[in-house]
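Peer 1: Quick one: the structure is below, questions incoming.
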Amino acid sequence: MDKVIQNFEKVLIKFPGLADVLTKLEAAHIRYGLYGGGYVALLTSNREINDLDFLVADDDMIRLKKLFPAAKTKNQGKYGPCSFLIIGDGEEFEFVSDVHINIEQSHYRIILSAACLSHSSAIHHNGIKLRLLNKVDTIIFKAILQRGSEAGKHDLEDIAAILQPGEIDKEYLQFRLRETKADNRLLKALAPFQLI
């Protein structure tokens, strides 16, 4: 965990606005968690962090938008409808809720449910708290998208990277697969990692 705290400290230095954002989230009791590539980099130091992705409880997105009225919003992602709030001049912080991902014939739903929140954790540095989703949530997200170097992404590599530091909660994995509406395409992507 010491390495994660050290990486968090570096992230706070790289993104000076992050401390203020996290402080506002905590004060407003916004339910959220870091996931995606920034999460992987925080855990593994495998690459430079350029932005941070946060999943927000659907019910909290309206309150979040009121907290940051100058932030950019949109209701459509690359893969389907969702609610986005993007903070920062360089769009460093991306909050998303009510995520629908449509790829070929597959349709997935990613939400910050009560189970998702109860399996999250938090790290603290100098009075700043950052909530992290369970690694299962990033694994599923990246197994859904399966983006490679052609898209400037490393989804399957990132799954391998975060599997090494510890065990996976397989009961929670099975629950989230059901909640996400996993299909054969997603399960096939996870098969090489012997998670199911």
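Peer 1: Largest first, how would His107, His125 line up by accessible area (1.4 Å probe)?
Peer 2: Values: His107 110, His125 35 Å².
The residues order as His107, His125, largest area first.
Peer 1: Taking a ≥ b ≥ c as the square roots of the eigenvalues of the Cα gyration tensor of the stretch 153-196, is the shape rounded (a/c under 1.5), prolate (a/b larger than b/c) or oblate?
Peer 2: Oblate.
Peer 1: For Cα extents along the principal axes in Å, the listed values are (1) 41, 37, 34; (2) 62, 48, 37; (3) 52, 40, 23; which was obtained by calculation from the structure presented?
Peer 2: Given (1) 41, 37, 34; (2) 62, 48, 37; (3) 52, 40, 23, the calculated one carries the label (1).
Peer 1: I've got another one for you. Tell me what the chain gives for mean residue ellipticity at 222 nm when only DSSP H runs of n ≥ 4 count, each as -39,500 (n - 2.57), the sum divided by the residue total, rounded to 500 deg cm²/dmol.
Peer 2: About -11500 deg cm²/dmol.
Peer 1: Using a 1.4 angstrom probe with every protein chain in place, what is the largest-first accessible-area order of Ser118, Ser113, Ser45?
Peer 2: Descending accessible area places them as Ser118, Ser45, Ser113.
Peer 1: Out of Asn134, Asn126, Asn46, any idea which swings most in a Gaussian network model of the chain, alpha carbons joined below 10 Å?
Peer 2: Greatest mean-square fluctuation among the candidates belongs to Asn126.
Peer 1: Could you work out the relative contact order of the stretch 1-97? I mean the mean sequence separation of Cα pairs under 8 Å and 6+ apart, divided by the number of residues, in percent.
Peer 2: Details: 126 pairs, mean separation 22.8, N = 97.
Over the stretch 1-97, the number comes to 23 percent.
Peer 1: Also, quick follow-up: Excluding residues fewer than 8 places away in the same chain, name every one of the aspartates and glutamates whose C-alpha is closer than 16 Å to that of Lys181.
Peer 2: Asp98, Glu104, Asp137, Glu171
Peer 1: Which pairs break 23 Å Cα to Cα here: Lys153/Lys188; Lys14/Lys142; Lys78/Lys142?
Peer 2: Over 23 Å Cα-Cα: Lys14/Lys142.
Peer 1: Within the stretch 56-100, report the GluC sites (Glu not before Pro) that DSSP leaves as loop and that have at most 13 other Cβ atoms within 10 Å.
Peer 2: Qualifying residues, ordered by number: Glu91.
Peer 1: Let's see if you can work this out: charge +1 on each Lys and Arg Cβ, -1 on each Asp and Glu Cβ, no other charges. What is the dipole magnitude of the chain about its Cα centre, in debye to the nearest 20?
Peer 2: My answer is approximately 240 debye.
Peer 1: State which entries of Lys24/Lys170; Lys74/Lys129; Lys66/Lys170 exceed 29 angstrom in Cα-Cα distance in the structure shown.
Peer 2: Numbers: Lys24/Lys170 33 Å; Lys74/Lys129 27 Å; Lys66/Lys170 37 Å.
Violating the 29 Å limit, Cα to Cα: Lys24/Lys170; Lys66/Lys170.
Peer 1: Follow-up question, since we're still on this one. Taking the full set of protein chains and a 1.4 angstrom probe, give the accessible area of Asp59 in square angstrom, rounded to the nearest 10.
Peer 2: 130 Å²
Peer 1: Let me ask something additional. May I ask for the longest run of the chain untouched by trypsin sites (Lys or Arg not before Pro) that are loop-located per DSSP and have at most 16 neighbouring C-beta atoms (other than their own) within 10 Å?
Peer 2: 79-146
Peer 1: In addition: Note down the magnitude of the dipole of the stretch 30-81 about its Cα centre, charges +1 on Lys and Arg C-beta and -1 on Asp and Glu C-beta and zero elsewhere, to the nearest 20 debye. Kindly include the intermediate steps, with their values, before the conclusion.
Peer 2: On the way: 8 positive and 6 negative charges, 45 e Å.
Dipole about the Cα centre, nearest 20: 220 debye.
Peer 1: Another question about this same structure. What percent do you get for the relative contact order of the chain when only Cα pairs under 8 Å and 6+ apart count?
Peer 2: 19 percent
The values are calculated or read from the model by the stated rules, or taken from the named source; none is laboratory data. Everything numeric here is computed off the predicted structure, so don't read it as measured data. Here the Cβ is made from the backbone with ideal geometry for all residues, glycine too, and neighbour counts use every protein chain on show. Keep in mind that these areas ignore ligands, DNA and RNA; they rest on the heavy atoms of the full protein, side chains included. Shrake-Rupley method; radii C 1.70, N 1.55, O 1.52, S 1.80 Å.
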